[in-house]
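Trainee: After the structure tokens below, expect a handful of questions from me.
The values are calculated or read from the model by the stated rules, or taken from the named source; none is laboratory data. Remember, predicted model here, so these are calculated numbers, not experimental data. Neighbour counts run over all protein chains shown; Cβ positions are idealised from the backbone, glycine included. Surface areas here come from the heavy atoms of the whole protein model, side chains and all, with no ligands, DNA or RNA. Shrake-Rupley method; radii C 1.70, N 1.55, O 1.52, S 1.80 Å.
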Amino acid sequence: MKKIALLGCTGSIGTQTLDIVRARRDEYKVSALMCGSNADALIRYAKEFDCTLLGIADEAKRGYVASALPSATVHAGEKALEILAASDADIVVVAVVGMIGLKAVLAALDAGKTVALANKESLVAGGAAVKEKLKHGGKIHPIDSEHSAVWQCLRGESNFKRIVLTASGGPFYNSNIDLSTVTPEQATAHPNWKMGKKISVDSATMMNKGLEIIEARWLFDTENIDYVIHPESVVHSFVEFDDGSIKAQAGSADMRLPIQYALDYPRHVVREYKPLDLPLNLRFFAPDEARFPAPKLAKSALDIGGDACVILNAANEAAVRLFLERKIKFTQIIQIVEDAMNEERIDGAGGANVDKIFATHKRVYDKIYYRYNK
């Protein structure tokens, strides 16, 4: 039986991971659960899956959880992530949002664990640090649909020429809407995927694709990465080889597929799913980087190196929060990121030092967020 530590159990990826476990209780055991602040959901899941090692980021709610589950060990705060990540599990699913996920990933890799990764910041801001940890044991299994697709296409292959990620385009690619008028409700209404608010906004600005390009660089050791707009979200990525042949991975827009593959790799295990309706009628379009420049900005951060990606990530995280709080316009998000890239002093040696990564992130994030909250 495979033991799973699930960090971020109440979010979109976390709840879908639990759906998979429910369907295969004879193969999976939930050995640890952690959430941010939804104590009632954590208690409910702990009871359902008979899990006694728990964590909650909101320290004020630790007592409430502990009193409801007297037989459980309940950790709280940031340290809980590292404790649970290094616990007795075969796979650590890191599905928390934000930079804190990097600490969990590093702790899991230090303990020689396999990390099923659904936290973008770990590789966007901490890719060099994670890569260094991988030299000493542990593995990364990507959960993101695009990276899972590349991973599947590369099975059995020794080399490749180029990766092409697909992007739905979000809710506005084929829209004539004035982007300066976009509301948080409109930006979080993704046409194909059910996702959290932050990643939905990133998809709407196309920054999500920029972050995925950075992640792919660390996952697959290449900077030969392009992307194409594919509104149907059926083909999740392409891999082009030296002889001109191309592999593509396709499937319905269901995150349970890449989650399950990350848990069961290298097997494609039987599961219930809705078959694709034929004919597929797939469309592919060139990106519009004049209207949606975020991926180009992310690529430039990769080219610059050092802690440029840390700055890009921190600025974007702060700007998205400001937008969701209705303190800036939708079009200001990427402008704020671009301004930060131009204004901040980039440390060419700051990409692998974990303490420096977190210090830079906090400095840039706080500077931007509090600028609009005076």
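Trainee: For residue 4, what charge total do you get from the other residues with a beta carbon under 15 Å from its beta carbon, if Lys and Arg give +1 and Asp and Glu give -1? Could the numbers behind the result be given before it?
Mentor: Values: positive: 2, 3, 22, 24, 25, 29, 113, 139, 256; negative: 19, 26, 27, 48, 50, 88, 90, 264.
That works out to +1.
Trainee: While we're here: Using the heavy atoms of the protein chains and a 1.4 angstrom probe, tell me the accessible area per residue for segment 77-208 in square angstrom. Walk me through the numbers before you get to the answer.
Mentor: Numbers: 4770 Å² over 132 residues.
Roughly 36 Å² per residue, with all protein chains present.
Trainee: Given the alpha-carbon gyration tensor of segment 195-294, what are the semi-axes of its equivalent ellipsoid in whole angstrom, ordered largest first, with each equal to the square root of 5 times an eigenvalue? Each step should come with its number before you reach the end.
Mentor: On the way: eigenvalues 106, 66, 57 Å².
Ellipsoid semi-axes (Å, largest first): 23, 18, 17.
Trainee: So with the 1.4 Å probe, I'd like the accessible area per residue for segment 245-296, rounded to whole Å². Write out the running numbers ahead of the final one.
Mentor: Numbers: 3360 Å² over 52 residues.
The answer is 65 Å² per residue.
Trainee: So what are the radius of gyration and Dmax for the Cα set of segment 1-145, in Å?
Mentor: 14.0, 41
Trainee: Another one. Return the tail of the calculated pair distribution for segment 262-350, meaning the percent of Cα-Cα pairs more than 22 Å apart.
Mentor: For segment 262-350, the fraction of Cα-Cα distances above 22 Å is 52 percent.
Trainee: Quick check: residue separation of residue 178 and residue 27 times 0.36 nm, minus the Cα distance between them. What number comes out in nm? Working shown, then result.
Mentor: Working: separation 151, 0.36 × 151 = 54.36 nm, distance 5.00 nm.
Fully extending the segment from residue 178 to residue 27 adds 49.4 nm.
Trainee: Wrap a convex hull around the Cα atoms of segment 118-223, take a quarter of its surface area, and give that in square nanometres. Walk me through the numbers on the way to the answer.
Mentor: Values: hull surface 31.5 nm².
With every direction weighted equally, the projected area is 7.9 nm².
Trainee: I'd like the antiparallel share, as a percent to the nearest 5, of DSSP beta bridges with both residues in the chain.
Mentor: Taking every DSSP beta bridge within the chain, about 25 percent pair in antiparallel fashion.
Trainee: Compute the relative contact order of segment 282-352 as a whole-number percentage, counting only Cα pairs closer than 8 Å that sit 6 or more residues apart in sequence. Walk me through the numbers before you get to the answer.
Mentor: On the way: 56 pairs, mean separation 26.0, N = 71.
37 percent.
Trainee: Further question on the same structure: Could you tell me the calculated FRET efficiency between residue 345 and residue 19, based on Cβ-Cβ distance and R0 = 41 angstrom, to the nearest 0.05? Before the final figure, lay out the partial values.
Mentor: Values: r = 46 Å, r/R0 = 1.11.
The computed FRET efficiency comes out at 0.35.
Trainee: Helix-derived [θ] at 222 nm for the chain: sum -39500 (n - 2.57) over DSSP H runs of at least 4, divide by residue count, nearest 500? List each step's numbers first, then the result.
Mentor: Details: 16 runs with 164 residues, N = 374.
Calculated mean residue ellipticity at 222 nm is -13000 deg cm²/dmol.
Trainee: Percent of accessible area on the chain owned by carbon and sulfur, 1.4 Å probe?
Mentor: On the way: 7980 of 16170 Å².
Carbon plus sulfur share of accessible area: 49 percent.
Trainee: Assign one of three labels to segment 225-279, namely rounded, prolate or oblate, based on the Cα gyration tensor with a ≥ b ≥ c the square roots of its eigenvalues; rounded applies when a/c is under 1.5, prolate when it is not and a/b is larger than b/c, and oblate otherwise.
Mentor: In terms of gyration-tensor shape, oblate.
Trainee: So what's the gap between the Cα centers of segment 194-257 and segment 279-339, to the nearest angstrom?
Mentor: When both Cα centres are located, 15 Å separates them.
Trainee: For a protection proxy built on the mean count of beta-carbon atoms within 10 angstrom, sort 289-301, 201-213 highest first, please.
Mentor: Ranked by mean Cβ neighbours within 10 Å, highest first: 201-213, 289-301.
Trainee: Taking R0 as 45 Å, what's the FRET efficiency between residue 111 and residue 371 from their Cβ-Cβ distance, rounded to 0.05?
Mentor: The pair residue 111/residue 371 has a calculated efficiency of 0.70.
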